[in-house]
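The values are calculated or read from the model by the stated rules, or taken from the named source; none is laboratory data. Computed from a prediction, not measured in an experiment: that's the story for all the values here. Here the Cβ is made from the backbone with ideal geometry for all residues, glycine too, and neighbour counts use every protein chain on show. Quick note on the areas: whole protein, heavy atoms, side chains included, nothing else; ligands and nucleic acids left out. Shrake-Rupley method; radii C 1.70, N 1.55, O 1.52, S 1.80 Å.
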Amino acid sequence: ANLTALTELDLQLNRMSGTVPPELASLATLTLLGLSSNSLSGTVPTELASLAALSALYLDTNVVSGTVPPELASLSALRQLNLQSNIVSGTVTLELARLATLTEMMLSSNSLSGTVPAELANLTALNGLFLGSNSLSGTVPPELNSLTALSVLILSRNHLSGSLPRLPDSLVRLAAHENTFSGKLQPFTNYTNLVVLTLFGNDFRGRLRLPSHAPLRVLAVHRNRMSCPVVYNSSGYDLRDHGEEYQHGALIAPSNRFRSKGRPPWALMSQVSFQWVQGSLWLEWRVEILVAAISFGAMAATVGMVLKSDWRCFFRFVPRGLHEEYSWLCTKTLFCLSLCGLWLLPAYTSGAHEYECGQEWLNGSLAYLSDSAVAEMAVAVLGLIMLAAQAFAVPTIRAWVRSAFANDQAPRTHGISLVSCLRLVLAWLATVTVASVPAFVAILAKSVPGGQNTLGLSQTMLDVVVYACGPLLMVIDSVFIPGVARWAVGRSSHLVGFIMSARFMIMVAVPFLTTLTLGSDCMGMWVEVWTPCHSNQSFNMKYKGSATSTRVSGSTWASVGGFTTSATSHADVCEAHPAS
């Protein structure tokens, strides 16, 4: 208290505990108070507001609690306010917007809630605004675009929503990742000073337009729903090399749908073909088209061989006997119910806004309708009605047929012995296990990047496997399963159940579970065999630089401290986990 001429008190990186002494307010000439990286607790003393000459207040990396005192707004000379990495709660104090000389507000890694105040636009000298890793909600005020001196804006890891407004072209670092932003992404073509851009883990859509000739070092925009070709001019980018100041990288592919044509060669996963939309119906769906054509041709050939020249029977089929009557009635009913699926096309078309440059009629999921709540609800309700109708159609028809032909001499159902039951179960398990191999291999071949896998498989080999599995599955479905079923259960009432349950497992359950496990947009376990994840190549993307804050040292201002921001890590890419 007797140090009346003291101008700087820097006690950072000690092991001090206790509270911040309010008696420090008696140091009337103090311009810098640095208590960072200690174990100080309690609240920020309101008495510090009497330090009229204070220009820098550093209380970061402690366990300070309470709120940001509004009394600090009376510090007319304050230029740097750093309360990062504490447990400060409450809202972003509106009174701080009166600090006309403030160049840096660092409030990240606290427990702040509420919204980002539009009044912060009054801080015309602001160079860095750090609000990341809090619980802020609401939208980002467009008034921040008036902060022409702003170079660092950190909004990451909050609960912010809405669209990201136009922001100052002076930005060097923009971190808005892991929020709930949505809407079309603003172009970044005029951000010629941009070095770090992290937008991953949101719901942005539209086109990614990057700045031309900018010194871009870190780019992470994955886990959104952007589409269209990427617009860029990479002459000034440095996204490959690692150094002491930067760990460079660009991760843009996962969970987006960028076009393969013109894909950036500097982007991680640029060689993983299934991460990029091929851009044409044939390139994107050629396997499915070929399988459908072969299946249709085989069916037409089979029908021709059976009917020979009497084609009228095909169009004027008259069922004979109970079995044919039952089968024909089921076929007509399920066919009519399937036609009801056409009712969903208008709903899909009206709500298809998932990807701006997507082919909306090729996407059939409820997530695809996320911009149209009415269409999504309509599809969900109609889908459930149709599924319920199809589920009850067969047993209802079967009961009707049995009652109509009660006197028919069809074989009756008898009990099944323990030996027969055991043989049935073992035969079913063996059939499903063996016959599921082609389906599993086909999904595996579509999920593994060719030429970049530890299995040593080239893209040509994988394509051959995928092409071959389609016809093989058709033979398994139409010949192998019925043959095994007749051997295992004969012609008892369990025959149909054996065939239908085995077909369900092989044609639906196994492909679904395999895709869910290996798929890029699901569990993503394909990375377990991806060569880059087994090499020394690192996917860590960090930006390390000096803080924008400055401090008084005599009569000059010099940089103090620094920060390291981790955009994404090697584990984020190479450890299988559900995609967001």
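Some notes on this structure:
- Residue-by-residue Karplus 3J(HN,Hα) for segment 475-486, coefficients 6.51, -1.76, 1.60, Hz, glycine and proline x: 5, 4, 5, 9, 10, 5, 5, x, x, 5, 4, 5
- Once all protein chains are placed together, Thr19 keeps about 90 Å² accessible to a 1.4 angstrom probe.
- Placing unit charges on the Cβ atoms of the charged side chains and taking the dipole of segment 1-145 about its Cα centre, the candidate lying farthest along the positive direction among Ser89, Leu123, Pro21 is Ser89.
- Solvent-accessible heavy-atom area per residue, rounded to whole Å², over segment 116-228 at 1.4 Å: 29
- Ordering of 258-270, 213-225, 329-341, 446-458 by burial proxy (mean other Cβ atoms within 10 Å per residue, highest first): 213-225, 258-270, 446-458, 329-341
- Descending semi-axes in whole angstrom, ellipsoid equivalent of segment 143-232, from the Cα gyration tensor: 18, 16, 12
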